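Before any comments, here is the structure.
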There are 2 protein chains.
Amino acid sequence: MICHIDAGNGIPIYEQIERQVKFAVANGWLLVGERIPSVRDLATQTAVNVNTVSRAYRDLQQQGVLIAIRGTGMVISGQAPQICKQDRLEMIRERLRSVLQEALQNQISVGEIRTLVDDEWHQLSQDQKTDEA
Amino acid sequence: MICHIDAGNGIPIYEQIERQVKFAVANGWLLVGERIPSVRDLATQTAVNVNTVSRAYRDLQQQGVLIAIRGTGMVISGQAPQICKQDRLEMIRERLRSVLQEALQNQISVGEIRTLVDDEWHQLSQDQKTDEA
DNA sequence: GCTAGTGTCATACCACGCTATTACAGTAGT
DNA sequence: ACTACTGTAATAGCGTGGTATGACACTAGC
């Protein structure tokens, strides 16, 4: 599991981890029963403190996505796929709404938004390809 | 000048104020030479502390949007419209990019994004109309 | 000159996110 | 049993955003 942390987007690190785990489950990159990286491994890999990762895992546990087995590790729960697939678009939708709300309140038109979306999407797609290369 | 503060969108209050002043200038709701509300007035009106408003005004001053006249108030600068019009779409673009980046990294398709945008825009437009009524 | 209004500054306090460090309890492999 | 891992927890410290409060210097209107 690869985890990208963006320090400058305003979202707390522990929440970014939670979201990415959920996306990974929803997309089938993490399967039911599969172990996720230990808190120490993920902390080292993402250059983040153990406590921060631990908080994310604890939250995911309380949401029913993870199951902790003390001394062994943490595992994707059986109900996780259902939960995560349900949240998949909602997580994006909520962030999107906040941006659109500001745009609408300030006289930006639907057309401007649409071109903005297409432009940025195109740009990001190419960035992603060059990253992979 | 009416100012809406959203406490739950992750953007610092002082930054929200800055953005809304800029939008107001870009849209011609605030004209060059016009006085903006005093720090105490805006603080009371938005239920925010004076220092927070003051910080927003100070930032806008350093960006060349406002001019402070000690003992009198603050005024929209001559170069403000140019600056603010230039930033108008950029401010939205940056927030939008952050959301699209997350979407792209997690296998959301352009189609899903487009329908999300249209749905939410439609929803927000109606909300705004009912607010005005 | 007095008063009421400006912006500005300093101090203290709190909540939150994050880090660093240490320690503890449990499991698995040898 | 020993070792090397797991998750969990407590503590202390830092930076930032926000509040509350009080004080200062300045200006405009009466």
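The values are calculated or read from the model by the stated rules, or taken from the named source; none is laboratory data. Treat the numbers as computed from the prediction; the structure is a model and nothing was measured. With ideal geometry, Cβ positions are generated from the backbone for all residues, glycine too; neighbour counts draw on all protein chains shown. Accessible surface areas use protein heavy atoms only, side chains included; no ligands, DNA or RNA. Shrake-Rupley method; radii C 1.70, N 1.55, O 1.52, S 1.80 Å.
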Cα long-axis angle, helix B:110-132 against chain B (0 to 90 degrees, to the nearest 10):
50
Mean-position separation - Cα centroids, the stretch B:92-133 and the stretch A:74-133, in angstrom:
7
Charge dipole magnitude, Cβ of K and R +1, D and E -1 - the stretch B:17-70, Cα centre, debye nearest 20
120
Rounded accessible area per residue of the protein assembly as shown, 1.4 Å, Å²:
55
Probe radius 1.4 Å, ligands and nucleic acids ignored: give me the carbon and sulfur share of the accessible area of the protein assembly as shown as a rounded percent.
47
For chain B, what is the relative contact order in percent, using Cα pairs closer than 8 Å and at least 6 residues apart in sequence?
23
Mind checking which lysines have their C-alpha under 17 Å from A:Lys85, skipping anything on the same chain fewer than 8 residues away?
A:Lys22
By the Cα gyration tensor axes a ≥ b ≥ c (a/c under 1.5 gives rounded; else a/b larger than b/c gives prolate, otherwise oblate), the shape of the stretch A:50-90 is oblate
Dipole magnitude of chain A about its Cα centre, charges +1 at Lys/Arg Cβ and -1 at Asp/Glu Cβ only, in debye to the nearest 20?
660
B:Ala133 label points, 7 Å along Cα→Cβ, one per copy: pairwise distances from this copy to the rest in nm, shortest first?
5.3
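For the stretch A:1-97, which chymotrypsin sites (Phe, Trp or Tyr not before Pro) pass both filters: DSSP loop (anything but H, G, I, E, B) and at most 15 other C-beta atoms within 10 Å?
A:Trp29
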To test your reading of the geometry: what angle, between 0 and 90 degrees and rounded to tens, separates the Cα axis of helix B:80-105 from the longest principal axis of chain B?
30
Per residue of A:104-116, how many C-beta atoms from partner chains lie within 10 Å of its own C-beta, taken as a mean?
5
Enter the mean number of other protein chain beta carbons within 10 Å of the beta carbon of each residue in A:13-25, as an integer.
1
Sort shortest first the distances from A:Lys85 to its counterpart in every other copy, using label points 7 Å along the Cα-to-beta-carbon line, and give them in nm.
5.1
In the B-onto-A rotation, chain B's nearest residue to the axis by C-beta, with distance in whole Å, turns out to be B:Gly10, 2
Rounded to the nearest 500, the 222 nm mean residue ellipticity computed for chain B from DSSP H runs (n ≥ 4, each -39500 (n - 2.57)) alone is -21000 deg cm²/dmol
Burial-style ranking of B:16-22, B:86-92, A:91-97, average other-beta-carbon count within 10 Å with highest first, yields B:16-22, A:91-97, B:86-92
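Rounded to the nearest 100 Å², what's the accessible area chains A and B bury against each other, both chains counted, probe 1.4 Å?
So the buried area, both faces added, is about 4500 Å².
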Averaged across B:121-127, how many Cβ atoms of other chains sit within 10 Å of each residue's Cβ atom?
3
Hey, which aspartates and glutamates would be in cross-link range of B:Lys129, C-alpha to C-alpha under 18 Å, not counting anything within fewer than 8 residues on its own chain?
A:Glu102, B:Asp118, B:Asp119, B:Glu120
